[in-house]
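> Below are the structure tokens for one structure; questions will follow.
The values are calculated or read from the model by the stated rules, or taken from the named source; none is laboratory data. Just so we're clear, the structure is a prediction, and the values are computed from it rather than from any experiment. Because the Cβ atoms are built from the backbone with ideal geometry, glycine has one as well, and the counts that use them run over all protein chains shown. For the accessible areas, the whole protein counts, side chains as well, though only heavy atoms, and no ligand, DNA or RNA atoms are used. Shrake-Rupley method; radii C 1.70, N 1.55, O 1.52, S 1.80 Å.
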Amino acid sequence: MKQHALAALVVLAAAAAWTPFSSNAQPLREPKVLLLDQSSEELIDAASAKAVLEAKVPAKVWKLYPQNRWTFLSQVTGGMTAQGICVVSARVVLLPRTSAVRAVLWRPKEVATAFDAKPGATLAECKALARDKLETATAAVVDSLVRN
């Protein structure tokens with residue numbers, strides 16, 4: 001009997017020692033708001049794209065389309081051509097999530113795309129244009145979901 005208790009204590013101590021430290025531990029649950037980004041890093045980084053979505057999607061949208069059932073996907077593509085023309089395409093999509101595992105399904109509820117080209121633009125101007133087109137596409141999706 002003492003051997004079983006000692007073995008259980010050793011296993012428990014080993015499991016506690018193996019558990020990663022709290023600074024390295026991953027959260028067990030995903031964040032409530034899931035914003036996806038598949039943008040070109042040359043034009044806009046993922047954190048900036050998600051910040052645009054967070055700023056432009058009002059609470060009224062989340063009330064109609066709950067965060068645990070819907071997610072936004074942003075895609076910004078393009079770049080500088082060999083002739084020095086900045087070409088940008090930004091797309092925002094509202095996608096449903098499954099009820100069991102909260103996986104994202106490609107069955108778009110709303111999609112909006114904004115695009116533009118600017119000749120003679122610098123890389124900084126091209127990045128600003130990309131951000132502007134992402135804001136435009138986000139506003140179009142929000143306007144189609146929530147009529148003021």
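> Under a Cβ-Cβ cut-off of 15 Å, what is the net charge of the residues other than D143 that fall near it, where Lys and Arg count +1 and Asp and Glu count -1? Show your work: numbers first, answer last.
On the way: positive: K56, K60, K109, R147; negative: E110, E135.
That sum, taken over residues with Cβ under 15 Å, equals +2.
> Any idea what log10 I(q)/I(0) is at q = 0.13 Å⁻¹ for the range 47-148, Debye with uniform C-alpha scatterers and no solvent?
-0.50
> Using a 1.4 angstrom probe on heavy atoms only, work out the carbon and sulfur share of the accessible area of the range 38-98 in %.
Values: 1500 of 2870 Å².
Carbon-and-sulfur percentage of accessible area, whole number: 52.
> Solvent-accessible area per residue for the range 42-140 at a 1.4 Å probe radius, Å²? Could you put the intermediate results ahead of the total?
Values: 5230 Å² over 99 residues.
In whole numbers, the range 42-140 has 53 Å² accessible per residue.
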